[in-house]
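Once you've had a glance at the structure underneath, I'll fire off some questions.
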């Protein structure tokens with residue numbers, strides 16, 4: 001069974017960490033059986049599951065539900081829950097309460113977006129025994145600040161600030177850090193600087209691990225496709241074709257036939 005400690009050890013042993021998102025029992029069970037190291041119950045559920053334009057609308061109650069059903073499916077993978085917008089930014093006490101609710105639901109840890117402003121929160125959570133995954137670079141909960149899903153860390157000042165934030169997150173007790181949509185060279189610098197694993201998404205090949213949204217790699221979500229997404233299957237097309245065949249057979253009276261009926 002994958003644990004926080006085994007994830008940290010993977011960096012020392014130079015073993016790549018494989019992560020994917022999941023939001024439901026069926027998909028989580030498939031990922032768990034496939035040997036995925038970390039299953040992130042991402043607030044990206046707002047986009048690919050609920051059809052929202054950003055991650056901001058998803059609520060604690062909705063994230064707790066997704067976490068609960070994912071946890072039911074998992075026996076080996078490490079389940080980490082995304083803390084949604086305003087579940088941890090309002091106060092340290094709110095963050096403790098909400099993070100605790102995720103652990104009571106089945107998560108093994110939580111992911112928080114941000115650097116310097118959340119360091120005290122991270123320290124408190126870790127002190128209470130709640131594992132924390134950090135998240136730097138393009139942090140979707142700050143999408144309005146960035147003005148879109150744009151590449152981060154492009155200037156020297158921004159790069160220096162991100163390296164500093166990574167060091168602060170490590171010092172605060174994070175067991176890993178997601179690096180999203182930043183130059184590969186910057187991701188390498190951060191990866192070489194901190195002793196905890198970095199998990200890249202659109203951050204190049206030098207991170208200690210990689211994470212993508214499951215619906216993206218399966219071709220189930222086509223609202224937009226970031227440059228860094230590699231589609232490994234076209235399940236969405238196959239599902240549509242299957243549904244269309246079912247539709248046609250029902251309309252033509254071909255289904256159900258004798259083989260699919262009781263005498």
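No lab work stands behind these numbers, since they all come straight from the coordinates. Everything numeric here is computed off the predicted structure, so don't read it as measured data. As a convention, Cβ positions derive from the backbone with ideal geometry for all residues, glycine included, and neighbour counts pool all protein chains shown.
Angle check, please: helix 184-193 long axis (alpha carbons) against the longest principal axis of the chain (alpha carbons), in degrees 0 to 90, nearest 10.
It is inclined by approximately 60 degrees.
In nm, to one decimal, how far is the residue 156 label point from the residue 257 one, both placed 7 Å along Cα→Cβ?
7.2
Right, something else. What residue among 59, 193, 121 shows peak mean-square fluctuation when the chain is described by a Gaussian network model with Cα springs under 10 Å?
193
While we're looking at this one, here's another question. Given R₀ = 41 Å, what would the calculated FRET efficiency be for residue 145 paired with residue 8, taking r from the Cβ atoms and rounding to 0.05?
0.85
Below 8 Å, C-alpha to C-alpha, sequence gap of six or more: please give me the relative contact order for the range 1-102 in percent.
In percent, rounded to a whole number, it is 29.
Take the chain, connect every pair of alpha-carbon atoms lying under 10 Å apart with a spring to form a Gaussian network, then pick out the residue of 41, 122, 250 with the largest mean-square fluctuation.
Answer for the Gaussian network model of the chain: 250.
If you don't mind, another one. Looking at the square roots a ≥ b ≥ c of the eigenvalues of the Cα gyration tensor of the range 2-158, which shape do they give, rounded for a/c under 1.5, prolate if a/b is larger than b/c, or oblate?
In terms of gyration-tensor shape, rounded.
The range 115-174 to the range 21-100: how many Å between their Cα centroids?
Measuring centre to centre over Cα atoms gives 19 Å.
Which log10 I(q)/I(0) values, to two decimals, does the chain give at q = 0.09, 0.13 Å⁻¹ under the Debye formula with one point per Cα?
-0.42, -0.81
Once the Cβ-Cβ distance between residue 30 and residue 231 is put in as r, and R0 is 22 Å, what FRET efficiency do you end up with, to the nearest 0.05?
The value I calculate is 0.85.
Report the calculated FRET efficiency for residue 246 and residue 91 (r = Cβ-Cβ distance, R0 = 51 Å), to the nearest 0.05.
Efficiency at R0 = 51 Å is approximately 0.50.
Additional query: Once fully extended, how much extra length lies between residue 171 and residue 239, figured as 0.36 nm per residue of separation less the alpha-carbon to alpha-carbon distance?
19.8 nm
Name the most mobile residue of 222, 43, 248, meaning the one with the largest mean-square fluctuation, in a Gaussian network model of the chain with Cα contacts below 10 Å.
248
Then there's this: For the range 106-218, what class follows from the C-alpha gyration tensor (a ≥ b ≥ c being the square roots of its eigenvalues): rounded when a/c is under 1.5, otherwise prolate if a/b is larger than b/c, else oblate?
The shape class here is rounded.
Then there is this: Given Cα pairs under 8 Å that are at least 6 residues apart, what percent is the relative contact order of the chain?
Normalised by residue count, the contact order of the chain is 16 percent.
Quick check on the range 207-263: take the gyration tensor over C-alpha atoms, sort the square-rooted eigenvalues as a ≥ b ≥ c, and tell me if it's rounded (a/c under 1.5), prolate or oblate.
prolate
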